[in-house]
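Notes follow the structure.
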Amino acid sequence: MKAAVLILAAALLGSPGLAADKPAGEGEIAYIVNGYRYDPAGSGGDPDTGHSLCGTRCNAISADSVDYMMGGGWEMRKLAADREIVIPLDNPFMKGNCICTVDEFLARRSTRNQTVREGQ
Amino acid sequence: MSRLLIWTLLLLTLSAPATGAVLPSAEEIQRLGARMYREGILPDGQAMKAFVSNDVAVDGTAFTCVSCHLRSGLGSVEGEVVTPPTNGRILYQERKPYIKGKEFVPSVANYAKYLPVRPAYTDETLATLISAGVDPTGRSVLSVMPRYELEDRDMAILIAYLKTLSDRPSPGVGKQEIRFATVIVEGSDPVAVESMVTPLQFSVDRKNSLAKAAGVNERVARMGYNMLGDLHGYTFTLTRWILKGDPATWRAQLEEYDRKEPAFALLGGISPGTWEPVHRFCEERGIPDLFPVVDDPVLSDTDWYTHYLSRGVRQEGEAAARYLHGMVELIRDRAIVQVIRDGRRGRALADGFRTVWAETGHTPAVDIVLPAGEPLTAEALRQAVAGHKPAVLILWDDAGLINPLGELMADPSRPGMIVASATWLGSAATTVPEALRAPLFLTWPYRLPQDDKRYDIAARKVLAGKRPDKYDQVILRQSYITQDVLGRALMMMRGEFYRDFLLDTIGMMEDMYYPLYERVSFGPGQRYASKGCYIVQLGKGENPQFEKRSEWVIQ
């Protein structure tokens with residue numbers, strides 16, 4: 001099993017196009033979610049169930065800022081506060097969208113205080 | 001129990017305690033005393049009578065000694081709340097606002113100054129503290145500690161037991177050396193073994209370099225002493241205990257290693273199969289075993305000596321159940337079918353799901369067991385779907401499920417949701433065709449790979465310049481956690497290198513952000529450090545990433 005996980009992790013870590021593979025300075029967008037609501041978008045989905053599912057769905061896109069810092073060599077810059085982004089609920093049993101209220105950050109590798117050279 | 005300890009206890013027995021009660025044998029003191037100390041149960045089987053706020057009667061089983069003074073008796077530190085040691089060796093010494101010989105070690109000096117000075121306890125004054133809540137200076141401790149109503153004999157047993165707590169160095173600890181070992185089961189993948197050992201060896205070598213440098217350079221010695229106290233001068237060793245043959249023979253092999261080269265603790269360890277004999281050995285010998293690399297940990301709410309990184313693959317099944325519980329309104333009365341590949345892995349996943357699904361009050365899923373070695377076919381899936389019309393089809397199988405599942409997609413009566421284990425699919429997870437990705441939900445018990453890349457810098461430090469691609473990245477990260485937790489714990493131990501205190505100390509550590517797992521948490525008695533798992537789906541494109549569909553689902 002370990003071998004399978006290794007291969008999978010290696011495959012995923014090595015995938016082109018990963019945000020973390022981008023050159024230093026380009027960075028990736030990270031959200032910290034402050035709130036959420038459900039929009040049935042004409043699907044007739046139950047609002048209470050939708051609200052509950054959107055809690056899970058929006059929290060799933062939320063980053064943990066400590067997670068960026070503890071890795072070492074990363075910094076986060078706030079781009080916007082309380083921005084609303086719309087994502088599909090992506091549930092096989094219920095349609096509609098989730099509106100997640102987020103603080104938006106640009107997370108990128110810091111070139112300051114670099115203690116380990118690339119490739120080490 | 002060591003012969004010396006038995007003799008000590010025998011002498012204590014013969015020397016008649018202050019209460020005048022006749023004590024039982026040394027073994028009985030251990031058994032009965034431990035029960036009083038850890039469970040709050042008197043020798044006659046009744047709960048100890050405890051009183052808080054002086055006169056409010058409470059059940060002693062809810063206010064045990066161990067909950068504050070911990071198993072080693074060396075006390076606890078939580079934020080700024082310090083519970084002092086309660087072992088005889090320290091109680092029967094005068095307490096000063098410093099610990100002799102460690103006056104200038106910041107962590108120890110800060111610890112010592114929190115505790116009020118007092119004269120050395122005697123049996124009489126200790127009995128007064130326990131029964132009346134008054135210490136030898138006449139100060140009441142009732143605002144922070146219950147008092148216990150004990151008969152003379154019970155008090156004498158408890159005091160005799162406290163005298164045995166952390167009273168002599170643990171095996172594997174010398175004057176200037178701490179010995180560790182790692183257990184490697186023959187047949188483990190060599191790359192996996194090296195990925196497990198390399199971070200541990202790095203940590204040992206780094207520590208020994210400091211000890212060596214401190215021996216020849218006074219400035220380094222001062223710096224090391226200020227950081228680590230006595231620990232700075234210790235050297236570490238890491239030996240490999242290789243287990244061969246049938247697991248039934250491992251016990252004898254472990255006993256022989258332990259006799260020849262006793263280790264303070266076992267670090268890491270790896271087995272392609274069971275870990276049970278090692279777990280049992282550590283439990284019975286009281287040897288800490290930190291984070292073995294195993295798929296199938298021993299699950300127990302009461303065992304104490306083995307710390308696992310997680311509950312193993314079972315955790316994925318549990319997470320799937322919790323995730324589905326969150327949308328149970330949508331599933332309503334429709335069935336859930338688990339197709340389970342027979343074998344240890346499939347059974348663990350299915351059992352994890354089954355247990356949590358039952359705990360959350362739902363009708364059991366329909367289990368269909370696939371015999372080991374028999375390929376999964378689209379026809380078998382069609383029959384399962386036609387027979388039960390499930391809302392959710394759970395497939396606990398390897399990558400052989402992808403093609404038959406792909407064929408099932410054309411079936412209009414296919415279930416809306418399919419759940420599988422990403423760790424079992426392995427690299428094939430990224431080859432799942434796009435048409436299958438919308439209904440397919442996967443369990444993934446690690447941080448998402450694209451996020452975990454941020455921890456590459458930390459994880460690579462333990463490679464000391466070696467090429468990362470030569471190692472198993474998951475095991476390397478797991479072993480990174482082991483060596484880091486050990487290092488932090490040893491620094492917190494104030495030179496009290498006792499096996500139980502090592503585990504007590506880890507139990508006092510804060511939640512940590514480490515490579516691989518989204519959160520690693522400890523706590524008194526907690527033995528499975530990572531408690532979470534993601535539910536993910538595959539993104540679009542040729543090399544899809546995992547996309548989270550859940551938070552870090554915590555058990």
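For a label point 7 Å from the Cα of B:Arg334 along Cα→C-beta, name the residues of the range B:387-424 whose backbone N is under 11 Å from it.
Once the point is set 7 Å along Cα→Cβ of B:Arg334, B:389-393, B:413-418 turn out to lie under 11 Å by backbone N, inside the range B:387-424.
Which value at 222 nm does chain B reach when only helices count, each DSSP H run of 4 or more adding -39,500 (n - 2.57), with the total divided by all residues and rounded to the nearest 500 deg cm²/dmol?
The helix contribution divided over chain B gives -11500 deg cm²/dmol.
Just to confirm my numbers, what's the Cα centroid distance between the range B:48-115 and the range B:521-555 in Å?
37
Return the loop-located trypsin sites (Lys or Arg not before Pro) in the range B:149-210 (DSSP other than H, G, I, E, B) with at most 16 other Cβ atoms within 10 Å of their own Cβ; answer none if there are none.
Passing both the DSSP loop test and the Cβ count: B:Lys175.
Using r as the Cβ-Cβ distance of B:Lys175 and B:Ser67, and R0 as 51 Å, what FRET efficiency do you calculate, to the nearest 0.05?
0.95
Need the full-extension length gain, B:Val81 to B:Leu115, defined as separation in residues times 0.36 nm minus the C-alpha distance. One decimal, nm.
Using 0.36 nm per residue and subtracting the Cα-Cα distance, I get 11.2 nm.
For the pair A:Ala80/B:Leu299, report the inter-label distance in nm, with labels modelled 7 Å from Cα in the Cβ direction.
In this crude label model, A:Ala80 to B:Leu299 measures out at 4.5 nm.
Take peptide B:427-434, look around each residue's Cβ out to 10 angstrom, count Cβ atoms belonging to other protein chains, and average those counts.
The per-residue average across the peptide is 3.
Roughly how crowded by other chains is peptide B:441-454, in terms of the mean Cβ count from those chains within 10 Å of each of its Cβ atoms?
So the per-residue partner count for this stretch is 5.
Alpha carbon centre of the range B:263-337 versus the range A:66-94: separation in Å?
So the separation of the two Cα centres works out to 30 Å.
With a cap of 14 neighbouring Cβ atoms within 10 Å, and only residues DSSP puts in a loop, list the trypsin sites (Lys or Arg not before Pro) found in the range B:368-469.
Loop-located and lightly packed - B:Lys466.
Between beta-carbons, use under 14 Å as the cut-off and find the net charge around B:Leu142, counting Lys and Arg +1, Asp and Glu -1.
-1
To the nearest 10 Å², what's B:Val278's accessible area with a 1.4 Å probe?
B:Val278 has an accessible surface of roughly 0 Å² with all protein chains in place.
Applying 1/(1 + (r/R0)^6) with R0 = 25 Å to the Cβ-Cβ distance of B:Ser209 and B:Glu261, what FRET efficiency is obtained, to the nearest 0.05?
Computed FRET efficiency for B:Ser209 and B:Glu261 comes out at 0.65.
Given the Cα-Cα distance of B:Ser143 and B:Val58 and 0.36 nm per residue of separation, how much length would full extension add, in nm?
Net length gain for the segment: 29.1 nm.
For B:Glu124 and B:Arg344, calculate 0.36 nm times their separation in residues minus their Cα-Cα distance, and state this gained length in nm to one decimal.
Gain on extension, B:Glu124 to B:Arg344, equals 73.6 nm.
First measure r as the distance between the Cβ atoms of B:Ala438 and B:Met512, then evaluate 1/(1 + (r/R0)^6) with R0 = 45 Å and state the FRET efficiency to the nearest 0.05.
Taking R0 as 45 Å, the efficiency between B:Ala438 and B:Met512 is 0.80.
Within the range B:481-555, list the trypsin sites (Lys or Arg not before Pro) lying in a DSSP loop whose Cβ has at most 10 other Cβ atoms in a 10 Å radius.
Listed in order of number, the matching sites are B:Lys540.
Write down the percent of antiparallel bridges among all DSSP beta bridges whose residues are both part of the protein assembly as shown, to the nearest 5.
The answer is about 55 percent antiparallel.
What average count of beta carbons from other chains do you get within 10 Å of the Cβ of residues in B:332-338?
Mean inter-chain Cβ contacts per residue within 10 Å come to 0.
The values are calculated or read from the model by the stated rules, or taken from the named source; none is laboratory data. No experiment lies behind these values; they were computed from the predicted model shown. Backbone-built Cβ (ideal geometry, glycine too); neighbour counts: all protein chains shown. The area values use the complete protein model at the heavy-atom level, side chains included, leaving out ligands, DNA and RNA. Shrake-Rupley method; radii C 1.70, N 1.55, O 1.52, S 1.80 Å.
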